[in-house]
Amino acid sequence: MERQILERWLPSISLVLGLLLLAAAAFGQESPPSEPGAPTSVTSPDPGSDAPARHRMGDWRRRMMERFSRMTPEKACKERYAREAGFLAYLGAELDLTAQQQPLWDAYQRAMLDAGGKQRQACVENVVTPGSDLTALQRRDRLQKLLQTRLDGLQATRPPLEALYQSLSREQRRTLDQPFGEWTPSRR
């Protein structure tokens, strides 16, 4: 029994720990000041303000955008997939699934990773190299391929998500509905 539990959770735990170490390394490094004497950290909002969570998330988003902008386009495509895989591992652990719910989660997670893999591949295949002059029609075709891949992924993952969602308790549904707690990107 313990071996089955270990075999089931070890890949997810390893992935989450790896992502945590990567995040700690990335966020632990401060970039040098652009000018001598310039501060190296962002000042936080007023302590009495009701926006600290938004500020922290905005700061996190800014750092991520800076990090992505320093990556090659191919690396950014792969990084997005890795983040999605890590988030799914986190969410699966956060849901605290029962034995009956676990196969439904596994089917959903597998579908999400398959769809993410296809999106990653489409992203890599449609990378625009610097200096390439695409016509308006070529840009539109490229965008259509990327969006079609995304739409296909959404359609493929809907049935496993519906089956999983129906099996969840009210608290688990709340976790799935708002995986970031009170703050969600749509409430900026």
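The values are calculated or read from the model by the stated rules, or taken from the named source; none is laboratory data. Note that this is a predicted model, so its numbers are computed, not measured. Cβ sites come from the backbone with ideal geometry, for glycine too, and all protein chains shown count toward neighbours. Please note that ligands, DNA and RNA were not included when accessible areas were found on the heavy atoms of the full protein model with its side chains. Shrake-Rupley method; radii C 1.70, N 1.55, O 1.52, S 1.80 Å.
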### Message
So, Gln119, is that one closer than 27 Å to Arg61 by Cβ, out of contact with any Pro (no Cβ under 8 Å at 6 or more places or on another chain) and either open to solvent by 50 Å² or more (accessible area, probe 1.4 Å) or of a type in the set (Lys, Arg) (or both) or not?
### Response
yes
### Query
Could you say whether any residue in the stretch 110-123 is part of a helix (DSSP H, G or I) and polar (S, T, N, Q)?
yes
### Task
Could you list, in sequence order, all residues of the stretch 134-185 that are open to solvent by 90 Å² or more (accessible area, probe 1.4 Å), of a type in the set (D, E, K, R), part of a helix (DSSP H, G or I) and more than 28 Å from Cys123 (Cβ to Cβ)?
Arg170, Glu171, Arg174
### Number of the exception - Glu30 against (1) at pLDDT below 75; (2) of a type in the set (D, E, K, R); (3) within 28 Å of Leu176 (Cα to Cα)
(3)
#### Entry: Options Gln148, Gln178; residue that is within 18 Å of the chain's Cα centre (by Cα), without any contact (Cβ under 8 Å) to a residue 24 or more places away in the chain and more than 19 Å from Asp106 (Cα to Cα)
Gln178
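Select from the stretch 88-100 the residues that are in a helix (DSSP H, G or I) and either in contact (Cβ under 8 Å) with a residue 40 or more places away in the chain or open to solvent by 60 Å² or more (accessible area, probe 1.4 Å) (or both) and list them in ascending order.
Listed by number, the residues that qualify are Ala89, Tyr90, Leu91, Gly92, Ala93, Glu94, Leu95.
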